[in-house]
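**Q** Structure below; questions to follow.
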Amino acid sequence: MSAPTLPQPSAAQVEARVDTLLGRMRLAEKLGQMIMGERASTTPEDVRAYHLGAVLSGSGSVPGENRPADWVALNDALWVASTDEADGRTPVPLMYAVDAVHGHANVRGATIFPHQIGLGATRDPQLVARIARIVAREILATGLDWNFAPTLAVARHVYWGRTYESFSDDPSLVATFAEHFVHGIQGTLRDDGVLACAKHWIGDGATFQGIDQGDAQVTEAELQRTHLPPYLAALRANVQTVMVSFNSWNGTKCHAHPYLLTEVLKGRLGFSGLVVSDWDGVDQVAEGLDAAIVLSVNAGVDMIMCAADWRRRLDGLQRAVERGEIPLARIDDAVRRILRVKVRSGLVDRARPSARPWALSETFGSAAHRAVAREAARRSLVLLKHEGATLPLQRTQRIVVAGKHADDVSHQCGGFSAAWQGTHGNEAIEGGTSIWQAIRAIAPAATLSVDGSAADPAAHDVAVVVIGELPYAEGMGDIRPGGRITPPLPGGLRTANLEPYGSTLELATRHPEDLAVISALRAKGIPVVTVLLSGRPLLVDRELAASQAFVAAWLPGSEGAGITDVLFGDHDFEGTLPFPWPAAAPSPDGVAPARFPRGFGRTYR
Ligand code: GLC
């Protein structure tokens, strides 16, 4: 494929181009640029008539047959509508954004990488840059131009359902990955990259009890020390968009926080790109939608992400301006930022999506891309226990493969994969390989028995048992001792209040079927190698005790062969814990005694 073809404009050229566009735009066109509609409720005609600045696909929101060609066709139609010049309309190409947080995992046949917690275990920022490059190219193959990644959360409480989207609880590690990920995704901000998005500003990983969208009850010094460094790194890497966090900081919603959004991010830190709200995050800051729009736009939100009813938000924005509740200067600043990002990224000069260099590229989901995902999966594995020289396995051994995740690529991928809350089975993740399929491919004497009942010490030398958490995303992955949040959070704060995953970090309580399989095999005298698929460290002392070997595999993605590459000794373990592994339930501020410290990881040597 080709190198970047568009010249890089100077800062002065960018501002001059923005001035020209802004000077030509009518108020209705400016307000439209500040609205991001969701695919399912936004048509090309909407984009043309209301000048919408962007469209997104929420996780699982896919066009047609969900092939790259369907995505390119959709974005062609939206792009043509947005650049229409009829009736004196100002042509401003729209941006199309997705959550390609571990690969372009919405799209059938995409390469799916380990979630960020697993990449944190590799401690290799160069690998993360290579992955980001591949993800950008798979996004470009579908004609899109904006990735809502990387998540820069420094997750401080493993009860949080988004822990797996965090690289680590170590700010310096997250900052290093942030810089490399942004460089990888954006490239030179020409044809060869897509826009990155530093999210969620700020303190999403700091909430009380790890409650998703909850209240980050931390001092400003703690915010600066722990949660700011990744953003400084992303800004250094020239990140062009920042997404506001749902959480609050000491009782005030980030979406309505002028100090955080304008005084700090745009003023003190000099961020000159655009600030986008989260999914209807604006709605949560006040009882009435109009009042909420006024609060959040005046606080510094430049683009409003609308889950469904973008028209209500556009009308609310218009009423706010007509009433003088949002100054025109704020509208011009927001639109200037949006236009600046579109000019800087070359979007205003790019051909229609289908005519761009990487459109429908054959590299989408290619063997070369999958090889990197396989390498990342392999290097993310952390060996927590190894007794009796059980590993490495031999290809000639009679291996019984068990556990509910043994033959399930969806469970290897977790949330934000084909669907927001993830899926089940192998069909939804086209082109992937389950751990069972990878073992069967190299060990002809292996057999699959998900519940372990077919295991027979006379017929089997060793067992591989794949256990862990079922897929989840955001608040539905929270561990909440008190169950669903019934009383509102401090200060009456609202959250999405989703049904949490459970009330304990204890795997044997949440999924007793896992320990049952391990124990039954152990009772038959068959040595057990346990592979844990999870979005976070869990309390697994009983599963550990019953296993000869125990591997933390996180959410390794579509390439199950990455696991067998290490289990069969073709490569040694090299992953180390990106978070401390707790020995007991953490306190409300996330502190727990460690079973294994951050940085722990055994090897064969
Ligand atoms: C979600 C997430 C955010 C994501 C957005 C769009 O609620 O908080 O990370 O980018 O919506 O899908």
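**Q** Of the accessible area of the stretch 171-221, with the probe set at 1.4 angstrom, what percent is carbon plus sulfur?
**A** 60
**Q** Stokes-Einstein at 4 °C, 1.567 mPa s, Kirkwood radius from Cα pairs: D for the stretch 381-596 in µm² s⁻¹?
**A** Using the Kirkwood radius from Cα pairs, D works out to 72 µm²/s.
**Q** So how far apart, in nm, are the two label points at D332 and D84 if each is 7 Å from Cα heading toward Cβ?
**A** Going by the 7 Å Cα→Cβ label model, 2.9 nm.
**Q** Taking all pairs of distinct Cα atoms, average 1/r, flip it, and tell me the Kirkwood hydrodynamic radius of the stretch 98-355 in Å to one decimal place.
**A** Answer for the stretch 98-355: a Kirkwood hydrodynamic radius of 18.5 Å.
**Q** Roughly speaking, what is the centre-to-centre gap between the stretch 130-152 and the stretch 158-186 when only Cα atoms are used, to the nearest Å?
**A** So the separation of the two Cα centres works out to 16 Å.
**Q** Further question: With +1 on each Lys and Arg Cβ and -1 on each Asp and Glu Cβ, how big is the dipole of the chain about its Cα centre, in debye rounded to the nearest 20?
**A** With Lys and Arg at +1 and Asp and Glu at -1, about 900 debye.
**Q** Multiplying the sequence separation of A583 and Q318 by 0.36 nm and subtracting their Cα-Cα distance, what value in nm do you get?
**A** Additional length available on full extension: 90.0 nm.
**Q** I've got another one for you. Please tell me the relative contact order of the stretch 116-222 in percent, rounded to the nearest whole number, where contacts are Cα pairs under 8 Å and at least six residues apart.
**A** 34 percent.
**Q** Normalised by the number of residues in the chain, what is the relative contact order in percent for Cα pairs under 8 Å and 6+ residues apart?
**A** 18
**Q** Based solely on its DSSP helices, what 222 nm [θ] is calculated for the chain when runs of n ≥ 4 H residues each add -39,500 (n - 2.57) and the sum is averaged over all residues, nearest 500 deg cm²/dmol?
**A** Calculated mean residue ellipticity at 222 nm is -9000 deg cm²/dmol.
**Q** Can you order the peptides 573-579, 265-271, 477-483, 203-209 by their average number of other Cβ atoms within 10 Å per residue, highest first?
**A** Final packing ranking: 203-209, 573-579, 477-483, 265-271.
**Q** Round to a whole number: what % of the accessible area of the stretch 381-596 belongs to carbon and sulfur, probe 1.4 Å?
**A** The value for the stretch 381-596 is 56 percent carbon and sulfur by accessible area.
**Q** Next up: Using all Cα-Cα distances in the stretch 373-482, what percent lands in each 5 angstrom bin from 0 up to the longest?
**A** The percentages, shortest bin first, are 2, 11, 17, 21, 21, 13, 9, 5, 2, 0.
**Q** Principal axis extents for the stretch 45-184, Cα atoms only, whole Å, descending order, please.
**A** Result for the stretch 45-184: principal-axis Cα extents of 54, 29, 29 Å.
**Q** Using +1 on the beta carbon of Lys and Arg, -1 on that of Asp and Glu, and nothing else charged, what's the dipole of the stretch 413-536 about the Cα centre, debye to 20?
**A** 280
**Q** Between E220 and D541, what length in nm is gained on full extension when 0.36 nm per residue of separation is reduced by their alpha carbon distance?
**A** Contour length minus Cα-Cα distance gives 111.9 nm.
**Q** OK, next. Pairs of alpha-carbon atoms within less than 8 angstrom and 6+ residues apart define the contacts here; what relative contact order does the stretch 188-245 have, in percent?
**A** Worked out over the stretch 188-245, it gives 52 percent.
**Q** Hey, can you find the accessible area per residue of the chain for me, probe 1.4 Å, expressed in square angstrom?
**A** 32
**Q** Between Y259 and S61, 0.36 nm times their residue separation minus their Cα-Cα distance comes to what?
**A** 67.9 nm
**Q** If you don't mind, another one. What does the convex hull of the Cα atoms of the chain come to per residue, in Å³, rounded to a whole number?
**A** 132
**Q** If amide hydrogens are placed 1.01 Å from N in the peptide plane, which non-local residues have theirs closer than 5 Å to the one on W249?
**A** A216, C254
**Q** State the answer as a single residue: which of P481, G502, F573 lies farthest towards the positive end of the charge dipole of the stretch 381-596, with beta carbon charges of +1 for Lys and Arg and -1 for Asp and Glu, about the Cα centre.
**A** Farthest towards the positive pole: P481.
**Q** Right, something else. Between the stretch 76-128 and the stretch 521-578, how many Å separate their Cα centres?
**A** That distance is 32 Å.
**Q** OK, next. Students often check this: by mean Cβ neighbours within 10 Å, which of 393-402, 354-363 ranks highest, and how do the rest follow?
**A** The peptides rank, most packed first, as 393-402, 354-363.
**Q** A further question follows. Listed highest first by mean packing, meaning other Cβ atoms within 10 Å per residue, what order do 313-320, 28-35 come in?
**A** 28-35, 313-320
The values are calculated or read from the model by the stated rules, or taken from the named source; none is laboratory data. Predicted model, so just to flag it, every value in this text is computed and none were measured. Glycine also receives a Cβ, built like all others from the backbone with ideal geometry; neighbour counts cover every protein chain displayed. SASA here: full protein model, heavy atoms, side chains in, ligands and nucleic acids out. Shrake-Rupley method; radii C 1.70, N 1.55, O 1.52, S 1.80 Å.
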